[in-house]
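Written out below as structure tokens is the structure these notes cover.
The values are calculated or read from the model by the stated rules, or taken from the named source; none is laboratory data. Only a predicted model underlies this, so the values are computations on that prediction, with no experimental measurement involved. For neighbour counting, all protein chains shown are included, and Cβ atoms are generated from backbone atoms with ideal geometry for every residue, glycine included. Surface areas here come from the heavy atoms of the whole protein model, side chains and all, with no ligands, DNA or RNA. Shrake-Rupley method; radii C 1.70, N 1.55, O 1.52, S 1.80 Å.
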Amino acid sequence: MKHTDIRDILHSADFVGQDVTVCGWVRTARDSKNMAFLALNDGTTLSHLQIVIDKNSGVELPAEAAKLGAALKIVGTVVENHNNGTNEINAKEITVLGACPADYPLQKKFQKLETLREMPHIRVRTNTFNAVFRVRSVLAAAIHRFFQERGFVYVNTPLITGSDCEGAGEMFKVTTIGYSDKYKNAEEYYADDFFGKRAGLSVSGQLEGEVAAMALGKIYTFGPSFRAEKSNTVRHVAEFWHVEPEVAFAELPDVIELAEDMIKYIIKEYMEKCPEELKFFEERFQKGLTEKLLNVLHNDFAIVDYTDAIELLKKADVEFQYPVEWGCDLQSEHERYITEQIYKKPVFLINYPKDIKSFYMKQNPDGKTVAATDLLVPGVGEIIGGSEREADLDKLLAAMKERNMSLDDYRDYLDLRKYGSVPHGGFGLGFERVIMYVTGMENIRDVIFYPRTVGNIR
Ligand code: 4AD
């Protein structure tokens, strides 16, 4: 259907005086005896295009056209609206492409995000989700551009896997047959299944990412990861999008530098490409958002040792729900205190106790900690987890044995340490978490199209 995008018409002087065809959905309608005004949105911009209908000019306004949610095709002349500087259309011909009856769920101007979550197929039609998904798209493109400009190779790691990368046992099973009494034990059951062994949905592409980095040097993945953890929080979904760069000849400081550069790069692109959306989020969801992002761009992130962070938390004049001791896994309340109250900016926490981190992380000479880092940001908490990897075969084997891991399942991974092993590292960015950070949206369910959480799928 030949038509012009609303985003092209709204602000361009070139269109003034021309006849155009536009298509879109009615966002608001005001209808009186002589005149009618429709705000039309086609999804190409957050702003609506005003359609002016002068009923005395002989233009026919079909009854179904002035209804919220109706899909229209309009032919008309572009004129400048001197009050607000944008263009509008004096309609000549109005066609209803799809009528929208009165039970359309978006009748009320502002609906609660909770209510909208119940209808993911409808909520995308609101300004909020229009803005969220446009920002999501711009950030995804920025991530690819960041890595491509630096010579990283985009690798697609498998989603169905036979190993559990984080070793945390939170994988969704992949099976074509259900377990039944027919099987004497789990082994027999798995042997009969599609792959002939236990399989699941990948929690991370890192292990395969490391394989690729040992040949291609600098790689990144950008795809879904799956976690069957039952954390029903505002920061967890069972299916999230994961950006995982992996770099050969890199140590922990290189990993940290890459992560900081990437975050700054994508925020800069967002601010340049989405000024309208940013303004919207600032006004509707987070006062001070623009200033917060400018501060991120213009200041170094803090780098804080886990051990020092524990000391700071212990000294804090706050009653935490979970007590703090060296060796404990930091809870969201601790992470947020560090980044929101103490540093008031993004913080890389480094050198965590080895017992609370994954087997593959580089063991520090102190014998107690590993060269890991989490990036914590105000308002969200952890958005990145990464590390330098253990490149020494014997040390890696020792860490795996300590955790009673099956060495056989990780034969390929261990080969990386046997054949030309080098210092290397990388990180995983939770894509939804960074979208939350830059938009000020407080619930991860509101930055992903169809959120999958415990007890919720549609
Ligand atoms: O810290 P995580 O578990 O690290 C890894 O998976 C490493 N293999 C990454 C690597 O080094 N290549 O996860 C990385 C990030 C977290 O910081 C968080 O932002 C996000 O993934 N994440 C989730 N996001 C939404 N919902 C969940 N259930 C998430 N679990 C992790």
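Condition check ((1) in contact (Cβ under 8 Å) with a residue 60 or more places away in the chain; (2) open to solvent by less than 40 Å² (accessible area, probe 1.4 Å); (3) assigned by TED's automatic domain parsing to the domain that holds Leu252; (4) away from the ligand (no atom under 15 Å from the Cβ)) across all residues:
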{"site": "Tyr360", "(1), (2), (3), (4)": "yes, yes, yes, no"}
{"site": "Asn364", "(1), (2), (3), (4)": "no, yes, yes, yes"}
{"site": "Gly381", "(1), (2), (3), (4)": "yes, yes, yes, no"}
{"site": "Lys395", "(1), (2), (3), (4)": "no, no, yes, yes"}
Legend entry - Which numbered condition Lys287 fails, given (1) away from the ligand (no atom under 12 Å from the Cβ); (2) within 25 Å of Phe449 (Cα to Cα); (3) outside any loop (DSSP other than H, G, I, E, B): (3)
Inset, instruction - Please verify whether segment 103-121 includes one or more residues that are out of contact with any Asp or Glu (no Cβ under 6 Å at 6 or more places or on another chain) and over 30 Å from Met436 (Cα atoms). - result: yes
Inset, instruction - Please find, among Glu210, Glu272, Glu257, the residue that is within 10 Å of the ligand (Cβ to nearest atom) and more than 16 Å from the chain's Cα centre (by Cα). - result: Glu210
Legend entry - Residue among Glu246, Glu229, Glu239 that is at pLDDT below 95 and under 30 Å from Phe172 (Cα atoms): Glu229
Legend entry - Unique residue being modelled with pLDDT of 95 or more and over 16 Å from Leu97 (Cβ atoms) when the list is Ala39, Ala66: Ala39
Inset, instruction - Any chance you could count how many residues in segment 235-250 are among the aliphatic types (A, V, I, L, M) and either near the ligand (Cβ under 8 Å from one of its atoms) or open to solvent by 30 Å² or more (accessible area, probe 1.4 Å) (or both)? - result: 2
Inset, instruction - Give the residues of segment 13-47 that are buried (at least 17 other Cβ atoms within 10 Å of the Cβ), free of Cβ contacts under 8 Å to residues at least 24 places away in the same chain and farther than 30 Å from Arg136 by Cα, sorted by residue number. - result: none
Inset, instruction - Go through (1) in contact with a Pro (Cβ under 8 Å, 6 or more places away or on another chain); (2) open to solvent by less than 20 Å² (accessible area, probe 1.4 Å) and name the single condition Tyr413 misses. - result: (1)
Inset, instruction - Search segment 213-234 for residues being part of a strand (DSSP E or B) and within 9 Å of the ligand (Cβ to nearest atom), and hand back the single one that is nearest to Arg452 (Cα to Cα). - result: Phe226
Legend entry - Given (1) away from the ligand (no atom under 15 Å from the Cβ); (2) assigned to a helix (DSSP H, G or I); (3) closer than 27 Å to Ala302 by Cβ; (4) not basic (Lys, Arg), index of the condition Asp409 fails: (3)
